[in-house]
Amino acid sequence: MTVYAIIGGTGLTQLEGLTIRQAQSMDTPYGAPSADIMRGEYAGREVLFLARHGQPHRIPPHQVNYRANLWALKQAGANAILAVNAVGGIHAAMGTGHFCVPHQIIDYTSGRAHTFYEGELEHVTHVDFSHPYDETLRGRLVAALAAEGCAYSGHGVYGCTQGPRLETVAEITRLERDGCDIVGMTGMPEAALARELALPYACLALVVNPAAGKSAALITMAEIERALNEGMGKVKAVLARVLAD
Ligand code: HPA
């Protein structure tokens, strides 16, 4: 049986409609996860929920303990991860309010604890990461987006930057040249750590602003918050549909 874990990003620190049966405070060899793991029922199905930035939202992208989060979710019984991420749009199709289910990711972060394979090891391990996202989960997200009538792209390359500052125009031009369609700060090392734990993982990205230089205006938090408020209803509907199927 699939036990989904939802990792909620900015704008999704709690999941209304989740009947919480247990708030599980966990510890891991890597420290504490961002928040208690909420175990409950959503859309008629058992689900786990974790607020990536803490509850309330207080942990910036570069300080999220991604290892503890993934480890705790696996310990709690998750065997499929749906990650929700707010992103900036680079490709012309990725306007504010558009959804993207990326199929590839490029990691531009630095200095994050990004692997479980370190310390005193018995042997060296290199996990295959050619296709970072699970195709079955991606397909479920795409089907749910279509059924909900959302504007979406079923493919895209996610460029993950270090943050917490936003990018320069030149950095976005470089990401675009590299083939990135969207830019965010939390896609990595989360996806890679899920792979190291053999946890199928997919990302539901909501575009909340045009990336730097992609509109004449500067990027404001007010604009991002507005887009998050407008988009989160759809995010919840999409997740509910995936879980109900
Ligand atoms: N850049 C990086 N991360 C983001 C952005 C952005 O423009 N918008 C939301 N998360």
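Please treat every number below as a calculation from the coordinates, not as lab data. This structure is a prediction, so every number in the text was calculated from the model and none was measured. Cβ coordinates were reconstructed from backbone atoms using ideal geometry, including for glycine residues, and neighbour counts include every protein chain displayed.
Since only Ala202, Leu243, Gly111 are under comparison, the one whose Cα sits farthest along the positive direction of the charge dipole of the chain, derived from C-beta charges on Lys, Arg, Asp and Glu, is Leu243. Using Cβ point charges alone (K and R +1, D and E -1), the dipole size of the chain about the Cα centre works out to roughly 440 debye. Working note: 222 nm ellipticity from helices only, DSSP H runs with n ≥ 4, each -39,500 (n - 2.57), summed and divided by the residues of the chain, gives -8000 deg cm²/dmol to the nearest 500.
Determine, at each q value in 0.14, 0.24, 0.27, 0.29 (inverse angstroms), the log₁₀ of I(q)/I(0) that the Debye formula gives when each Cα of the range 184-244 is one equal point scatterer. The Debye formula, applied to the Cα set alone, gives -0.58, -1.04, -1.10, -1.14. For the chain, hydrophobic long helices are taken as DSSP H runs at least 30 Å long by C-alpha position along their axis with mean Kyte-Doolittle hydropathy of -0.5 or more; these are 221-244.
Extending 7 Å from Cα along the Cβ direction at Ser110 and again at Glu16 yields two label points whose distance is 4.2 nm. Whole-percent P(r), the chain, all Cα pairs, 5 Å bins from 0: 1, 7, 15, 19, 21, 17, 12, 6, 2, 0, 0. For the range 12-158, the gyration tensor built on C-alpha atoms gives an oblate shape. Its axis ratio a/c (a ≥ b ≥ c) is at least 1.5, and a/b is not larger than b/c.
Eigenvalues of the alpha-carbon gyration tensor of the range 122-245, scaled by 5 and square-rooted, set the equivalent ellipsoid semi-axes at 25, 23, 12 angstrom, largest first. Counting only DSSP beta bridges with both residues in the chain, the antiparallel share comes to about 35 percent. What does the net charge come to around Arg21 if you take all other residues with beta carbon closer than 9 Å to its beta carbon, with K and R at +1 and D and E at -1? It works out to a net charge of -1. Extension gain for Ile59 to Ser25 (0.36 nm times residue separation, less C-alpha to C-alpha distance): 10.5 nm. Averaging 1/r over each pair of different alpha-carbon atoms in the range 29-88 and inverting the result gives 12.3 Å, the Kirkwood hydrodynamic radius.
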